[in-house]
Amino acid sequence: MKAFVTGITGQDGSYLAEFLLAKGYDVWGLIRRSSSFNTGRIDHLYLDPHEQPRLRLVYGDMTDGSNLSSLISEIKPDEIYNLAAQSHVRVSFDQPIYSVNAGALGTLRLLEALRSCNLPIKFYQASSSEMYGKVVETPQSETTPFYPRSPYACAKLYSYWQAVNYREAYGIFACNGILFNHESPRRGETFVTRKITRAATRIKCGLQDRLYLGNLDAKRDWGFAGDYVEAMWLMLQQNQPDDYVIATGQTRSVREFLDEVFGYLDLDWNQYVRIDPRYFRPSEVDLLLGDASKARRVLNWQPRVSFEQLARMMVDADMELARRERVIQNHGKEGAAPWSQ
Ligand code: NAP
Ligand code: G4F
């Protein structure tokens, strides 16, 4: 089996690539040219000389339709996982046009590339619980109406409907995974969970003394990214294409995440956290709570990692990074260049 993964350098892309390689897939990943290395999350898969060269990276961009088209006709994958997006909600207010170009039109470009090559390729679309936005019912399921609250969420909603439309109009096996927030030690450093675990561990190691955050009252249904990529794959293994909510069924506030993380480190976050209005959003999503009973029933999927385990896993990984950073800093103070050790 051959899979083509957009967004392979991101959090989910790295876990999905690991998962598919372990299943024996050949994995092709789309990467963007960057002036610095951007493959840190997948280097362990790519650079191991003992591995079969079953992971191949190709250059491209979701804003470049002709490139996507020639890649799809050349690779002829069995499955496409479309994970690429400007995925930061706050940033999408600063860069709405780009976020929509990459996140919404990018999906359309990929679907068109798929359609025109006339192969029975299965398509996974990374849809998001952000589409529920100002929620009209709780918990949110596949039948809950959408109410997007950001350029990012509007882009995701557009992609969601295009995936449904290509399924209905052209018979393409297209699935939407409506994933609620999922985190891991590989989460981008500017998303709130990772920002907190990184800062808390650096505070514990004496490397920083303040953490500036926005709205602490927002509630999210947080799961572990490693569990969620399995659900993506399961969707494409069914007889019929469909859309599924993937969530834990529990919701916690940012404040509760702070309690868990700082408590684990024996610290009181009130002493270190300050509110900075720069991190407020023009319109906020107050509460997300997913009902994944359809995925449990049809896909036989369920999350394995609890909220507490997730927070601790992220703290443990960031503590390791903070300790290394402290060692490098101490070497620096002694006048020795760390790279010469
Ligand atoms: P992420 O860590 O931000 O990764 C995003 C990926 O998209 C990166 O590989 C990034 O490449 C790539 N990308 C961005 N713009 C691109 C462009 N114009 N052309 C090609 N590639 C581009 O996001 P994630 O957390 O793994 O999430 C994966 C997908 O699921 C995203 O679409 C996200 O919106 C969606 N989603 C995420 C969650 C969540 O809680 N994590 C929940 C629901 C849905 P670079 O590395 O070069 O930046
Ligand atoms: O961690 P966040 O930035 O994630 P958000 O906005 O929920 O979006 C993530 O999950 C979505 C799924 O629902 C994905 F589709 C999307 O791609 C992304 O992965 O913020 C979570 C909450 C928000 O309410 C935000 O206002 O935390 C609040 N928050 C408070 N202080 C903060 C901060 N968020 C960030 N990023 N930084 C802060 O300092």
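The values are calculated or read from the model by the stated rules, or taken from the named source; none is laboratory data. What you see is a predicted model, and the numbers here were worked out from it, not measured in a lab. Ideal geometry is used to build each Cβ from the backbone, glycine not excepted, and the neighbour counts take in all protein chains shown. Only protein heavy atoms, including side chains, enter the accessible area calculation; ligands, DNA and RNA are left aside. Shrake-Rupley method; radii C 1.70, N 1.55, O 1.52, S 1.80 Å.
Each Cα pair under 8 Å and six or more residues apart adds its separation to the average, and for the chain the resulting relative contact order is 17 percent.
Normalised by 2.2 N^0.38 Å, where N is the number of residues, the C-alpha radius of gyration of the range 63-127 stands at 1.18.
With only the Cα atoms considered, the chain has a convex hull volume of 145 Å³ per residue. If you run the Gaussian network model on the chain, springs between alpha carbon atoms under 10 Å, then out of Gln237, Gln329, Gln208 the most flexible one is Gln329.
Less than 5 angstrom separates the built amide H of Ser128 from those of Leu179, all sequence-distant by 5 or more or on a different chain. Taking amide hydrogens as placed 1.01 Å from N in the peptide plane, the amide H of Tyr212 sits under 5 Å from those of Arg274, each at least 5 positions away in sequence or on another chain. If R0 is taken as 41 Å, the Cβ-Cβ distance between Asn300 and Arg324 corresponds to a FRET efficiency of 0.55. Could you list the trypsin sites (Lys or Arg not before Pro) in the range 80-188 that lie in coil according to DSSP, counting only those with at most 14 other Cβ atoms within 10 Å of their Cβ? Those that pass, being in a loop and sparsely packed, are Lys134.
For the range 240-341, trypsin sites (Lys or Arg not before Pro) are listed when DSSP marks them as loop and at most 14 other Cβ atoms sit within 10 Å of their Cβ; the list is Arg304.
Checking the cross-link pairs Lys23/Lys156; Lys122/Lys219; Lys134/Lys156 against a 24 Å limit on the alpha carbon distance flags Lys23/Lys156; Lys122/Lys219 as lying beyond it. By the compact-protein rule of thumb, 2.2 N^0.38 Å, the alpha-carbon radius of gyration of the range 243-341 corresponds to a ratio of 1.56. For the residues Gly29, Gly13, Gly206, a GNM of the chain with alpha-carbon springs under 10 Å puts the largest fluctuation on Gly206. Full extension of the segment from Asp78 to Asp276, taken as 0.36 nm per residue of separation minus the current Cα-Cα distance, would add 66.6 nm.
Ranked by solvent-accessible area (1.4 Å probe, protein heavy atoms only, all chains present), the residues Ser92, Ser70 order from largest to smallest as Ser70, Ser92. Applying D = kT/(6 pi eta Rh) to the range 1-138, where Rh is the Kirkwood radius over alpha-carbon pairs, T corresponds to 25 °C and eta to 0.890 mPa s, the Stokes-Einstein value obtained is 156 µm²/s. For the pair Leu119 and Arg54, a Förster radius of 22 Å applied to the C-beta separation gives a FRET efficiency near 0.60, rounded to the nearest 0.05. Rolling a 1.4 Å probe over the heavy atoms of the protein chains gives the chain an accessible area of 46 Å² per residue.
Loop-located GluC sites (Glu not before Pro) across the range 118-208 with a Cβ neighbour count of 16 or fewer within 10 Å are Glu137, Glu142, Glu189, with loop assigned by DSSP. Eigenvalues of the alpha-carbon gyration tensor of the range 1-60, scaled by 5 and square-rooted, set the equivalent ellipsoid semi-axes at 17, 12, 10 angstrom, largest first.
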